[in-house]
Amino acid sequence: MNKRLSKSEFKAAIESNIKTLYRKTIDEATVDQVFQAVSYAVKDIIIDEWIATHDEYEKQDVKVLYYMSMEFLIGRTLGNNIINIGAIKEVREALSELGFDLNAVEDKEPDPALGNGGLGRLAACFLDSLATLGYPAYGCGIRYRYGMFKQKIEKGYQVEVPDEWLKNPYPFEMKRPEYAYEVKFGGNVRVEKKDGKDVFIHENYNSVRAVPYDLPILGYKNNVVNSLRIWDAEAITNFSLEHFDRGEYQMAVEQENLARTIVEVLYPNDNHYAGKELRLKQQYFFISASIQRAIARYKEKHNDIKKLHEKVVFQMNDTHPTVAVPELMRILLDEEGLNWDDAWAVTTKTCAYTNHTIMSEALEKWPIDLFSRLLPRIYQIVEEINRRFVESIKKAYPGNEEKVADMAILYNNQVRMAYMAIVGSFSVNGVARLHTEILKKQELKDFYLMMPEKFNNKTNGITQRRFLLHANELLADWVSKKIGSDWICNLSAISKLKDYLDDEKAAMEFMDIKHRNKVRLAAYIKEHNNIEVDPDSIFDIQVKRLHEYKRQLLNILHVMYLYNKLKDDDGFDMYPRTFIFGAKAAAGYRRAKLTIKLINSVADVINNDSSINGKIKVVFIEDYKVSNAEIIFAAADVSEQISTASKEASGTGNMKFMLNGAITLGTMDGANVEIVEEVGKDNAFIFGLSSDEVIKYEKDGGYDPLEIFNKDSEIRKVLMQLTNGYFSAENPGMFKEIYDSLLYPDEGGRADIYFILKDFNSYAQAHERIDKAYQNKKAWARMALLQTASCGKFSSDRTIEEYVRDIWHLKKVEVKMPKNSK
Ligand code: PLP
């Protein structure tokens, strides 16, 4: 770090930016304008490092990772960037002397929400770690004009409001028109013979120009700046009289429309495949542009395309970028002139695939007629990949047609994207140990048996720099005072906190910080929900996307059960508890939206019932997103991770809570298993069916929720309250759909498919254990501190090092800045 600005230099830069951007003095500037001015001052520093980083990559001719993802949930970047350039103190003081508060200025940044949830946030954490560790990488994605919708709660219902994150210019992005590429859709493929070889000519297509915007991704105080490259679409044919005259008016309008619609909006489905044609267009659009650019960059220095894999690796984040496999083949075959075998050898040494889910509703399967109409040349290539793969299945399992049916990429008039990803990749990884085991033993067993060398596990991680250093300054400072600041770039060092586990004073300081963070969240809740919550109560939090498998319903049914006990059972008492929810439901996911309404209806009744003396409060935080997540994690006592075992591939929210000293209440699912392994079984509240038990019930049947309903009067009472208007006097039948889903078979012939009633009692008992444990303040403090002290494994730095070691094989680069570069 050579280029540092002093406080007074920052002040001067901010004032000067206000002048050039707005023709104003600092006294006349709004906070929004100050946000822009500070961002430009910071960007000015970043630019030099950005240039230096890429010069170094060029000089060393490094291998580059392209992390391909439909989603990057980066969240606000100003605060993180200031930390990473090592200027937090200078900027805060400069602003303060100019009469502005840094937190208020940070709040003016839109929260770039180019993702839905865990998958997109993982991509953002990975970029942070890659830059901090000094690995050459690009994130490749889409510059959605509207990111994840903003959620408003009106009369208890979710209302979606467009996220106009680009309404004001986003100061950190840079348009790079020099790297624009054409991407083609539709039309037909004509085959011609040339020198005895087939040549494939794509004609009558529509096309758009993909134009990249780069966002800087800063390493922590190491001068490294990588790029997140997000693609915008522009029309190639501008509407003109010439086209009108030639009768191509229709074509011109279509291309304008295509460009406008293709990057318009992020699909708000998390873990759910909707099969929309525009989504496939988005996928091909950003993949084609990213690969064209990667190859052009490679060819600037190298002339043997057969060695592409030595300098380039494409990581596909889930199946959404899987068209990378046939697109790379297309370029190698049609543009670079390789024969099939050579092209396939390059492709399968360059592409790698991360599987994120085993849930069938999330698996992408495109109808062949749609796929082949939209991407005719790509489809031809997929057909040939499939033909050759089917041949190899037949060779491995002669006469076994079932294997072909189970494994073929093209089957039942569909393109099975996960299968194409596996066949076209040299690596297939799951995202937590349990998930990878389920892939190998169940969901992808046939593929594992045929190509075991491809399969590996990479347990997810999170960046401690955003979720502790930035999100929880009080705790971050305290940790550094106790054990030094090594943990910032080496989270395993945080285990030194274990020395303080039996130091009562330290444990009390730790809990005092938790309390102050609870006060901060209570103020946020007061401001946004107008609900008073008691920071001395247990903050029991479930924040994540709303999905049936994540079982927010189990949580709220249990709240109803506790409320009934408080009202009905004189002998019952409990420690005051604040149940906090935050969750967006996909706009078209009716039952998830009804669950939000149920939570809010229950909250209305309970929060306004003075007879329970405030023992329970229920809060639904509107618009859960990265920026408020940071406040929420810091304030949690209990982290609800209660998915049906086997359904949550990993989870990453669970790790963020742990980092901030919250104790897990969870099932043995996803990365919870590994969290429990780190903290020990006695330091987590575990309940419910195991994944093996769930899978067995799913296969063999044998679970009838009606039996539980009939036997257990407390559960029955809760369920009856869903249909008797107890929480919805205005419309007693409102929650009947939820009631029915728990008791009566769906179209697949099963009831309560997420085992809510089956796990209910075990969940309620875990809550009782929490109630008891919290009342022993000393023991609780020890357990909370142990969470933070044990979370070393869950840094995304560790995850990235494993990807580098086993899959990407990148080399670390050091970037030195010339002295006094400013
Ligand atoms: N959404 C946001 C804003 C997050 O920060 C996270 C945390 O990782 C997630 C979603 C994913 O949460 P979970 O892993 O609990 O589903």
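For region 65-82, which positions are in contact with a Pro (Cβ under 9 Å, 6 or more places away or on another chain) and either hydrophobic (A, V, I, L, M, F, W, C) or within 16 Å of Thr132 (Cβ to Cβ) (or both)? Spell out how you get there, then give the answer.
Step one: list which residues in region 65-82 are in contact with a Pro (Cβ under 9 Å, 6 or more places away or on another chain), which gives 65, 68-70, 72-78, 81.
Leu65, Met68, Met70, Phe72, Leu73, Ile74, Thr77, Leu78, Asn81, listed by residue number.
Quick check on my filter: what residues within region 394-428 are part of a helix (DSSP H, G or I) and surrounded by 20 or more Cβ atoms within 10 Å (Cβ to Cβ)? It would help to see each step written out before you state the result.
Kept after step one, since they are part of a helix (DSSP H, G or I), are these residues of region 394-428: 394-396, 401-407, 417-424.
Residues satisfying the conditions are Met407, Met417, Ala418, Tyr419, Met420, Ala421, Ile422, Val423, Gly424.
Every residue, every condition in (1) within 16 Å of the ligand (Cβ to nearest atom); (2) farther than 22 Å from Ile291 by Cα, yes or no:
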position: Thr53; (1), (2): no, no
position: Phe72; (1), (2): yes, no
position: Ile85; (1), (2): no, yes
position: Val91; (1), (2): no, yes
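Restricting to region 135-165, and then to whatever is free of Cβ contacts under 8 Å to residues at least 24 places away in the same chain and aliphatic (A, V, I, L, M), can you tell me which residue is surrounded by the fewest Cβ atoms within 10 Å (Cβ to Cβ)?
Val161
I need every pair where a residue in region 584-597 that is over 11 Å from Asn269 (Cβ atoms) has its Cβ under 6 Å from the Cβ of a residue that is part of a helix (DSSP H, G or I), sequence separation at least 6 or different chains.
Once the first residue is over 11 Å from Asn269 (Cβ atoms) and sits in region 584-597, its partners that are part of a helix (DSSP H, G or I) give Thr595/Gln552; Thr595/Leu553.
Which of the residues spanning region 269-323 are closer than 18 Å to Leu122 by Cβ and open to solvent by 30 Å² or more (accessible area, probe 1.4 Å)?
So in region 269-323, the residues closer than 18 Å to Leu122 by Cβ come out as 269-272, 286, 313-322.
Residues satisfying the conditions are Asn269, Asn271, His272.
Would you confirm whether any residue within region 523-533 is within 16 Å of the ligand (Cβ to nearest atom), closer than 25 Å to Asp270 by Cα and either over 30 Å from the mean Cα position of the chain (by Cα) or not polar (S, T, N, Q) (or both)?
No, the conditions are met nowhere in region 523-533.
Of all residues in region 108-162 being modelled with pLDDT of 95 or more and of a type in the set (Asp, Glu), which is farthest from the ligand (Cβ to nearest atom)?
So the residue we want is Glu154.
Conditions tested, residue by residue: (1) in contact (Cβ under 8 Å) with a residue 60 or more places away in the chain; (2) within 9 Å of the ligand (Cβ to nearest atom); (3) among the β-branched types (Val, Ile, Thr).
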| position | (1), (2), (3) |
| --- | --- |
| Ile616 | no, no, yes |
| Val619 | yes, no, yes |
| Glu622 | yes, no, no |
| Glu630 | yes, yes, no |
| Phe633 | yes, yes, no |
| Val638 | yes, no, yes |
| Thr644 | yes, no, yes |
| Gly661 | yes, no, no |
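Could you tell me whether Ala343 is hydrophobic (A, V, I, L, M, F, W, C), at negative phi, free of Cβ contacts under 8 Å to residues at least 60 places away in the same chain and loosely packed, with under 15 Cβ neighbours inside 10 Å?
Working: hydrophobic (A, V, I, L, M, F, W, C): yes; at negative phi: yes; free of Cβ contacts under 8 Å to residues at least 60 places away in the same chain: yes; loosely packed, with under 15 Cβ neighbours inside 10 Å: no.
So Ala343 fails the test.
Matching residues to (1) closer than 22 Å to Val323 by Cα; (2) open to solvent by less than 30 Å² (accessible area, probe 1.4 Å); (3) in contact (Cβ under 8 Å) with a residue 12 or more places away in the chain; (4) in a strand (DSSP E or B):
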{"site": "Glu192", "(1), (2), (3), (4)": "no, no, no, yes"}
{"site": "Ile201", "(1), (2), (3), (4)": "yes, no, yes, yes"}
{"site": "Ser207", "(1), (2), (3), (4)": "yes, yes, yes, yes"}
{"site": "Val211", "(1), (2), (3), (4)": "yes, yes, yes, yes"}
{"site": "Asp214", "(1), (2), (3), (4)": "no, yes, yes, yes"}
{"site": "Asn223", "(1), (2), (3), (4)": "no, yes, yes, no"}
{"site": "Arg229", "(1), (2), (3), (4)": "yes, yes, yes, yes"}
{"site": "Asp232", "(1), (2), (3), (4)": "yes, yes, yes, yes"}
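Exactly one of (1) assigned to a helix (DSSP H, G or I); (2) open to solvent by less than 10 Å² (accessible area, probe 1.4 Å) is unmet by Leu65. Its number?
(1)
Are any residues in region 299-337 among the acidic types (Asp, Glu), under 27 Å from the mean Cα position of the chain (by Cα) and part of a helix (DSSP H, G or I), and if so, which ones? Don't jump to the end; show me each part of the working.
Filtering region 299-337 down to residues among the acidic types (Asp, Glu) leaves 300, 304, 310, 318, 327, 334-336.
When the remaining residues are screened for being under 27 Å from the mean Cα position of the chain (by Cα), the result is 318, 327.
Glu327 - this is the single residue of region 299-337 that is among the acidic types (Asp, Glu), under 27 Å from the mean Cα position of the chain (by Cα) and part of a helix (DSSP H, G or I).
Identify all residues within region 556-581 that are crowded, with 22+ Cβ neighbours inside 10 Å and not in a helix (DSSP H, G or I); write none if there are none.
Arg577, Thr578, Phe579, Ile580, Phe581 - these are the residues of region 556-581 that are crowded, with 22+ Cβ neighbours inside 10 Å and not in a helix (DSSP H, G or I).
Here is a check on your reading of the model: is Ile462 within 30 Å of Ile513 (Cα to Cα) and either away from the ligand (no atom under 16 Å from the Cβ) or open to solvent by less than 20 Å² (accessible area, probe 1.4 Å) (or both)?
Considered against the rule, which asks whether it is within 30 Å of Ile513 (Cα to Cα) and either away from the ligand (no atom under 16 Å from the Cβ) or open to solvent by less than 20 Å² (accessible area, probe 1.4 Å) (or both), Ile462 comes out as yes.
Filtering region 715-753 down to residues that are of a type in the set (Phe, Trp, Tyr) and crowded, with 21+ Cβ neighbours inside 10 Å, which residue is farthest from Leu594 (Cα to Cα)?
Initially, region 715-753 is screened for residues of a type in the set (Phe, Trp, Tyr), giving 726-727, 735, 739, 744.
The next check asks that each one be crowded, with 21+ Cβ neighbours inside 10 Å; those that pass are 727, 735.
Details: Phe727: 13, Phe735: 7 Å.
This residue is Phe727.
From the list Leu439, Leu434, Leu468, which one is open to solvent by less than 20 Å² (accessible area, probe 1.4 Å), modelled with pLDDT of 95 or more, in contact with a Gly (Cβ under 7 Å, 6 or more places away or on another chain) and not assigned by TED's automatic domain parsing to the domain that holds Arg330? Spell out the reasoning first.
Numbers: Leu434 fails: open to solvent by less than 20 Å² (accessible area, probe 1.4 Å); Leu468 fails: in contact with a Gly (Cβ under 7 Å, 6 or more places away or on another chain).
Matching residue, one of Leu439, Leu434, Leu468: Leu439.
Here's the yes/no breakdown for (1) buried (at least 23 other Cβ atoms within 10 Å of the Cβ); (2) among the small types (Gly, Ala, Ser); (3) in a helix (DSSP H, G or I):
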| position | (1), (2), (3) |
| --- | --- |
| Arg4 | no, no, no |
| Glu9 | no, no, yes |
| Ile18 | yes, no, yes |
| Asp27 | no, no, yes |
| Glu49 | yes, no, yes |
| His54 | no, no, yes |
| Glu58 | no, no, yes |
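The values are calculated or read from the model by the stated rules, or taken from the named source; none is laboratory data. Computed from a predicted model, the values in this text were never measured in an experiment. We place every Cβ from the backbone using ideal geometry, glycine too, and count neighbours over all the protein chains shown. Just so you know, the surface numbers come from the protein's heavy atoms only, side chains and all, with ligands and any DNA or RNA stripped out. Shrake-Rupley method; radii C 1.70, N 1.55, O 1.52, S 1.80 Å.
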